[in-house]
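Working notes, structure below.
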Amino acid sequence: MNAATVRSGRGSFYQSRKLKRSLSTLAVLVVLIGGSILFILPFWWMVSTSLKTPQEIAQYPPAFFPAEWHWKNYEEAWHLADFTRYTLNTLTIAVFAVIGHVLSNTFIAYGFAKLKFPGRQLLFSVLLGTMIIPGFVTLIPQYILFSKLHWVGTYLPLIVPGFFGGPFSVFMLRQFFMTIPNDLIEAAKIDGANHLYIWSRIMVPLAKPAVATIAILTFNGAWNDFLGPLLYVNDVSKYTLQIGLESFKGAVGSEGMQWHYLMAGSLIVLAPVVALFFLFQRYFIEGMNISAGTKG
């Protein structure tokens with residue numbers, strides 16, 4: 001076998017590897033594009049329907065694009081339902097829920113990550129074990145408790161539990177805190193810093209991506225919560241966006257379902273959380289990566 005034959009064989013081998021790599025990349029792109037279309041298509045259909053007239057919505061075959069973009073549907077939907085009040089109510093709950101969740105979970109996670117005390121691992125395992133308990137199992141006991149506290153009819157059942165932490169958030173923050181060198185804490189202690197100072201001035205600022213992730217997830221959960229307000233809020237003036245949207249659905253559907261108003265109302269509810277994610281997606285992705293044990 002001469003040198004030319006060897007070089008030719010190597011060239012064919014590398015070309016074959018390059019072709020396989022290209023085909024693999026192409027297959028991944030096809031899957032990603034297909035998956036993106038599956039997720040984007042329903043969202044676009046909602047946007048398109050919200051900008052159509054009832055006649056356009058009822059036509060067959062359906063059109064993916066409205067003949068004329070009726071932006072007034074959003075204004076009319078906003079005034080048909082009391083979305084201003086619903087938004088303020090939901091924002092109040094979401095803001096307090098985020099504050100309580102961030103404070104409590106960062107405190108607890110700091111304790112599990114950096115403090116040494118008897119039974120720490122056992123207690124942490126028990127905390128993680130609560131994640132497998134279905135939420136519906138605790139609905140009745142919680143309702144009885146809040147009823148005896150005379151909290152039914154107020155926002156307290158939707159806000160106060162957030163000040164007692166959550167297992168997933170504690171786990172995520174603990175994983176992040178464990179990546180922070182103990183030398184920083186020891187140096188702060190030598191300078192006379194107490195645990196409150198270390199938590200507020202060192203741990204939380206360094207854990208900004210994880211804290212932002214927890215804040216986004218908590219805000220999204222509070223903003224989209226339907227069952228909680230349905231159980232505990234019985235005053236129309238205290239309705240949240242999700243309950244308000246359900247009542248709005250009944251109101252606009254009394255003379256036949258008016259899908260353009262319903263889709264416009266749904267997008268009004270959806271827009272803030274989508275905007276929030278895109279504004280803070282860098283922190284969200286970084287927080288998820290580091291908490292999962294990966295960097296880069």
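Things to note:
- One residue stands out among those in the range 70-91 that are surrounded by 12 or more Cβ atoms within 10 Å (Cβ to Cβ) and of a type in the set (S, T, N, Q): the one that is farthest from the chain's Cα centre (by Cα), which is 73.
- Only a single criterion out of (1) buried (at least 16 other Cβ atoms within 10 Å of the Cβ); (2) outside any helix (DSSP H, G or I); (3) of a type in the set (A, V, I, L, M) is not satisfied by residue 67, namely (1).
- All positions within the range 139-194 that are more than 19 Å from residue 212 (Cβ to Cβ) and among the basic types (Lys, Arg): 148, 189
Values in this text are rule-based calculations from the coordinates and carry no lab data. Since the structure is predicted, the reported quantities are computational estimates derived from the model, not experimental observations. All Cβ positions, glycine included, derive from the backbone under ideal geometry; neighbour counts span all protein chains shown.
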